[in-house]
Amino acid sequence: MQNIERVIIRRMIADLSAAGFVPVAFWDEEEYQIIAPDGTHATLRPLPKPLRTTLVTQLSADEALTMVDSVDCGTLHFAPADQLQAWGRYGVFLVLGNGEDVISDYHCGNEAFDNALQRTSKAIEEQQL
């Protein structure tokens, strides 16, 4: 992972956390990586019903970065801080090796989530990281 990508992902996590969304899982294109409520690291296959109800703990920025750095691309999933589930409607697709364009796409359907990512994008454009 390039240093600029690490800085941008940390900024994105901070902006989303300030808006009430915390990282809870990372989809590495094969399985979800999570930290279970008991603190153990776990992987889950993409089975829709169990994933939607699997409770997890919030990932720290360092834990999220480690998961992201384990592959070339994947989706970092976020959930409202009071609804910690492994699968969520809120995801950011990250592509390592793209430098300032590490945030490739996102899906949310939530204005607060969208606004937080817009703050991150503005900070990147204005080089205010």
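The values are calculated or read from the model by the stated rules, or taken from the named source; none is laboratory data. All figures in this text were calculated on a predicted structure; none of them were measured in a lab. Here Cβ is always computed from backbone atoms with ideal geometry, including for glycine, and neighbour counts include all displayed protein chains.
Things to note:
- Condition met for VAL102 (touching a residue at least 60 places away in the same chain (Cβ under 8 Å) and over 18 Å from GLN33 (Cα atoms)): yes
- Region 5-18, residues that are surrounded by fewer than 20 Cβ atoms within 10 Å (Cβ to Cβ) and over 12 Å from the mean Cα position of the chain (by Cα): ARG6, VAL7, ALA18
- Of all residues in region 21-44, none are loosely packed, with under 14 Cβ neighbours inside 10 Å and either part of a helix (DSSP H, G or I) or at pLDDT 95 or above (or both).
- Pairing each residue of region 28-41 that is free of Cβ contacts under 8 Å to residues at least 24 places away in the same chain with any residue that is among the β-branched types (Val, Ile, Thr), provided the two are 6+ apart or on different chains, yields C-beta distances under 8 Å for GLU31/THR43; ALA36/VAL56; ALA36/THR57; PRO37/VAL56; PRO37/THR57; GLY39/THR57; HIS41/ILE34; HIS41/ILE35.
- Residues satisfying the stated conditions in region 53-94, i.e. modelled with pLDDT of 90 or more and aliphatic (A, V, I, L, M): ALA61, ALA64, LEU65, MET67, VAL68, VAL71, LEU76, VAL92, LEU94
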